[in-house]
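Everything on this sheet refers to the single structure shown next.
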Amino acid sequence: MAEPIVLLLSGPNLNLLGERQPEVYGTATLDDHVATATTEAARHGLAVEHLQSNHEGELVEAIHGARGRVAAIVVNAGALTHYGWSLHDALAAFEGPVLEVHLSNPGGREPWRHTSVIAPVASGTIAGLGGDGYRLALDAVARLLGADGVLG
């Protein structure tokens with residue numbers, strides 16, 4: 001039997017991690033974070049499929065394509081977190097767990113970052129713990145899915 005898949009979505013500008021504002025986002029690259037998520041997923045018998053896009057519509061299409069195919073979604077929507085209502089609606093139509101991840105703590109930053117349109121449709125949010133957030137998100141997904149990849 002194939003390993004249950006977790007779709008890891010990375011929003012706009014996350015391709016610049018490691019270069020963009022390292023004092024806020026750290027020096028790890030997006031590839032480093034994907035590797036962390038992949039390693040943690042494998043520890044739980046899960047597989048990771050990753051997509052990074054600077055285009056909201058591409059992320060929405062990926063969520064639509066995940067329906068009935070993947071077990072869970074982990075999403076760091078970047079700035080789309082705060083105004084990407086199409087992501088909210090697409091994630092609301094997804095039947096499995098959704099974990100929202102942020103490297104920084106949006107609540108401790110500019111006021112426009114304090115509201116997440118993703119949070120109301122997420123099973124949980126992990127913020128402000130840097131790259132550890134990805135490891136924790138995959139651990140949470142595994143717990144939510146149960147050992148056999150179905151909701152427990």
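The values are calculated or read from the model by the stated rules, or taken from the named source; none is laboratory data. On a predicted model such as this, the values are computed, not experimentally measured, just so you know. Note that we place each Cβ from the backbone using ideal geometry, even for glycine, and neighbour counts take in every protein chain shown.
So is Leu129 touching a Leu at 6+ places or on another chain (Cβ under 8 Å), surrounded by fewer than 23 Cβ atoms within 10 Å (Cβ to Cβ) and assigned to a loop (DSSP other than H, G, I, E, B) or not? Judged against the criteria, Leu129 is a match. Here region 17-37 is the region considered, the condition is being modelled with pLDDT under 90 and among the aliphatic types (A, V, I, L, M), and the residue that is surrounded by the fewest Cβ atoms within 10 Å (Cβ to Cβ) is Val24. Filtered by the rule that a residue be surrounded by fewer than 20 Cβ atoms within 10 Å (Cβ to Cβ) and in contact (Cβ under 8 Å) with a residue 12 or more places away in the chain, region 1-15 gives Ala2, Glu3, Ile5, Pro12, Asn13, Asn15. Test Ile73 against the stated conditions and say whether it is at pLDDT 95 or above, under 22 Å from Arg20 (Cα atoms), touching a helix residue (DSSP H, G or I) at 6+ places or on another chain (Cβ under 7 Å) and in a strand (DSSP E or B). Taking the combined requirement at face value, the residue does not satisfy it. If you go through region 132-152 and keep only what is crowded, with 19+ Cβ neighbours inside 10 Å and modelled with pLDDT under 90, you end up with just Gly149.
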